[in-house]
Structures are given as structure tokens and as C-alpha cells.
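Inspection log for the structure reproduced underneath, given as C-alpha cells.
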There are 2 protein chains.
Amino acid sequence: MATARELAEQHGWDAVTTRQLAERIEYSQPVLYSHFRGKREIIGAVALDGATEMAAALRAATAAAAGPRARVTALARAYLDFAARNPAVYDAMFQLDGGLAFAHEDTPPPLKDAFAALLETLAEVAGDGVHPGLFTELFWAALHGLATLTRAGRLPPEYAEHRVELLVDRLAVL
Amino acid sequence: MATARELAEQHGWDAVTTRQLAERIEYSQPVLYSHFRGKREIIGAVALDGATEMAAALRAATAAAAGPRARVTALARAYLDFAARNPAVYDAMFQLDGGLAFAHEDTPPPLKDAFAALLETLAEVAGDGVHPGLFTELFWAALHGLATLTRAGRLPPEYAEHRVELLVDRLAVL
DNA sequence: AGCAGATGCTAGCACTGCTAGACATCCGAG
DNA sequence: CTCGGATGTCTAGCAGTGCTAGCATCTGCT
């Protein structure tokens, strides 16, 4: 898993072939298949790992901020920062097919927890009469859009900070 | 191009192999390479085609609505509707690597025009002192996040409409 | 009639994820 | 002290991928 993640961050997921991976861990290919059902499951494992890490990063960022507005801003920045610093892991979580279930009762705990980390901070700024879960989904979608479009070169990176401020200003009810 | 799009919509982009494609158009593989430099360019061509179509769909939706609020809501619905109805084309535009340039001066006209279609309607609700382009980028990112996360099964589809309403309520200044 | 360019094909390369079957090695029962 | 089975690993190979080199054929101009 660690090697897959490392390889993906260095040369992109395209470079993470079973042969490359096997060579790096100094085993032959079939050994991989006695630990994972296939490449998809390797991606899924990296994704779960990343989800745990992201949840921790989000909580650390919000804990260090005082007041609802500062917390939400810190949350958004931490999210986008995580996506920018760990593009391969972010891809494994949300872009690639890791065979993971979302928004079901059988969603793996790390994923649920990452969503919970968002919810904890966002619930207090959802506004009256707005379901916190729904608000979190919307806020998350906006962050996800910013993260993916920016990294894919679809949005110029210069004004990233302005977009975050606008996002918090408009979405959060303070 | 039409065959590639058809095949992608029916069985996903994974099924769009040069062999499959060649067989469907009743030619051999190498013929594809005398029209396109590679598979990437085929995806790019489908993407450009889709961008033109999307721009038209967005303009048609907003033209039929009266008042800023109705226009923005119609725009958002039309965008998400397009993504839901043409998942393969949407993927070609924003998810896959079609070798297209974004946010540069050499961005292909259809892509610029699709962004312009968003800008036309969103500029009037950006709010005072907010750059219309920046606002459009943020709104677009939110829509993109909703579209991709919903289709990937990351967001439950039941409350899609509520999310759109919340998005318009919060982001647009009316 | 003969040539040139366009147009298409067959065959093949290097790569992908994945698997069957053989081979070693070790551990515990008799 | 032997030996059967479990365990772990490997080599070799399959079917499929994007892409290309090189050869055939057909068309239209001179």
C-alpha cells in the first residue's frame, strides 16, 4: 500500500502497474494477488488510508481556529490543501474506482468519518431550517469541484484563495 | 466521433477501444490514426462536440426563464441535467484526458463558449464588488462537484433538487 | 499506358491486469 | 527421524490494450 501510494504520488496512477509495484516491493506479481483481489482493491486501500489522514487533517485545522467563521475557512483551506498536496491519494478517494461504497450503511468507517469531520464544523453554519447533512454535501461538492478543476488545469490557480473566501462568505450562515 | 460517443454512452469509455471502434465503423484500426493522433484526440473531439451542445442547452434553458433567480435555477438544473443525461460526454469534457487546454488563450472556442454561457447568466447575480468571472468559476465548481459526486454514487440522488435550491439561494445575490 | 498519391490492410510490438501450475520450504504428526 | 500437508513464492502465459511499420490496392492525372 505504501509503495503504491508513493509510486502514484511520484509518477501518477498510470505508472502504478502490477509489475512496477511488484518490482518495488521486491516480490513477483502474483504475490500481490494473495493480498489484494486486484488493482482496484489496492486503490481502495490507499483511498481508505487517505480518508483517515484527511479526517485528521481537517480536525487539526478546525481545532486550531477560534470562532465559526475561522473554523469554516480553515476547514476549506485544509481540504483543498490536502487535495493539492496528495493528488494521487485524492484521486484514489474520489476520482478512481476503488470499489468503495459511498452513502450507504456499508460505507467503510474511514469514509464516514471523513464526512463526519466536515459535518462537525459545517453543522454550526448551515443556517436555520437547513438540514446539516444536506448543507455539508453541498459544501463538500463545492470544495471537490474546486479541488479537481484546479488540479486538472481547468481553473487558474492564482485566485484560489479568493474563491475560498467567496465560498465561505456565501455558503456559511454566520 | 459519433460512434465513439455512442459506444461510450452505452458501455462506458472503457469499452471504447481502438479495436471496438474500428469494428463498429467497419474499418481497420490504423484508419483511426489517419484521422486522429491517438485515442486522446478522439476523446478531445467528443469533448468539444459536447461543449457546443452544452452551451446551447444552457442558453436554451436560461432564455426560457423570467427573472434572475429563475434564470440561475434553470441554468443549474440544465447543467446537472446535461451531466446526468450525457455522462460519457461529460467525462470526456472534464474527467478524462482529452489533451485540451483550459483557462488559456489557446483554449478551444467551444470550451470558452460554454464558460461564456455560464457567465452570461451568472454575472448578474455575482453581487457588488465580486468579479463575475471568479463568481462563475466558483458556481461552476459547485455544479461540477455535485455532478461528479452524484454520478459516482458519492451523494444520494434523492435530495439533488434540494441541493440545487440551496446552492442558488446561498451563492446568488438577488 | 504508366506512374503517384491516397487509402486501406495485415501483422506485430511493448505493454496492461490477471492466473495456472510448478517448485521450494517449513512444521507437526507418527 | 521421516514424511505429508500447508504455506509461500515463482515462472510462464493468456487475452486484451494503444499504437505503428510495411505492404497491397485502387484512383486519377499525365
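The values are calculated or read from the model by the stated rules, or taken from the named source; none is laboratory data. Nothing here was measured: the structure is a model prediction, and the numbers come from that model. With ideal geometry, Cβ positions are generated from the backbone for all residues, glycine too; neighbour counts draw on all protein chains shown. Remember, those area values only see protein heavy atoms, side chains included, never the ligands or the DNA or RNA. Shrake-Rupley method; radii C 1.70, N 1.55, O 1.52, S 1.80 Å.
Looking at residue B:174, is it surrounded by fewer than 17 Cβ atoms within 10 Å (Cβ to Cβ) and over 26 Å from residue A:114 (Cβ atoms)? Against the criterion (surrounded by fewer than 17 Cβ atoms within 10 Å (Cβ to Cβ) and over 26 Å from residue A:114 (Cβ atoms)), residue B:174 qualifies. Residues in region A:14-57 that are assigned to a helix (DSSP H, G or I), within 9 Å of DNA strand D (Cβ to nearest atom) and either within 14 Å of chain B (Cβ to nearest Cβ) or more than 15 Å from residue A:2 (Cα to Cα) (or both): A:19, A:29, A:30, A:31.
When region B:131-149 is filtered for residues that are within 8 Å of chain A (Cβ to nearest Cβ) and in contact (Cβ under 8 Å) with a residue 12 or more places away in the chain, the ones remaining, listed by number, are B:135, B:138, B:140, B:142, B:143, B:144, B:146, B:148.
If you go through region B:113-129 and pick out every residue that is more than 20 Å from residue A:154 (Cα to Cα) and open to solvent by 30 Å² or more (accessible area, probe 1.4 Å), you end up with 3. Taking first residues from region B:92-118 that are among the polar types (S, T, N, Q) and partners that are surrounded by fewer than 17 Cβ atoms within 10 Å (Cβ to Cβ), the Cβ contacts under 8 Å between residues at least 6 apart in sequence or on separate chains come to B:107/B:101. Residue under question is residue A:71, and the condition is that it be more than 14 Å from every other protein chain (Cβ to nearest Cβ), more than 16 Å from DNA strand C (Cβ to nearest atom) and charged (D, E, K, R); does it hold? Criteria met by residue A:71. Determine if region B:115-130 includes at least one residue that is modelled with pLDDT under 95, in contact with a Leu (Cβ under 9 Å, 6 or more places away or on another chain) and not hydrophobic (A, V, I, L, M, F, W, C). For region B:115-130, residues modelled with pLDDT under 95, in contact with a Leu (Cβ under 9 Å, 6 or more places away or on another chain) and not hydrophobic (A, V, I, L, M, F, W, C): absent.
I'm told residue A:66 meets every condition in (1) open to solvent by 40 Å² or more (accessible area, probe 1.4 Å); (2) away from DNA strand D (no atom under 16 Å from the Cβ); (3) assigned to a helix (DSSP H, G or I) except one. Can you identify the failing condition by its number? Against the list (1) open to solvent by 40 Å² or more (accessible area, probe 1.4 Å); (2) away from DNA strand D (no atom under 16 Å from the Cβ); (3) assigned to a helix (DSSP H, G or I), residue A:66 comes up short only on (3).
Within region B:7-25, the residues that satisfy the criterion of being closer than 16 Å to residue B:44 by Cα and either open to solvent by less than 100 Å² (accessible area, probe 1.4 Å) or touching a strand residue (DSSP E or B) at 6+ places or on another chain (Cβ under 7 Å) (or both) are B:7, B:8, B:9, B:12, B:13, B:16, B:17, B:18, B:21.
Residue count for region B:148-162 under the criterion of being buried (at least 23 other Cβ atoms within 10 Å of the Cβ) and modelled with pLDDT of 95 or more: the result is 1. When you look at residue A:74, is it crowded, with 20+ Cβ neighbours inside 10 Å and either farther than 21 Å from residue A:148 by Cβ or of a type outside the set (Val, Ile, Thr) (or both), yes or no? Here the answer is yes, as residue A:74 does meet what is asked. Number of residues in region A:26-53 that are more than 8 Å from DNA strand C (Cβ to nearest atom), free of Cβ contacts under 8 Å to residues at least 40 places away in the same chain and open to solvent by 60 Å² or more (accessible area, probe 1.4 Å): the value is 5. If the condition is being farther than 27 Å from residue B:111 by Cβ and either touching a Gly at 6+ places or on another chain (Cβ under 8 Å) or assigned to a helix (DSSP H, G or I) (or both), then region B:134-166 contributes B:157, B:158, B:159, B:161, B:162, B:165, B:166.
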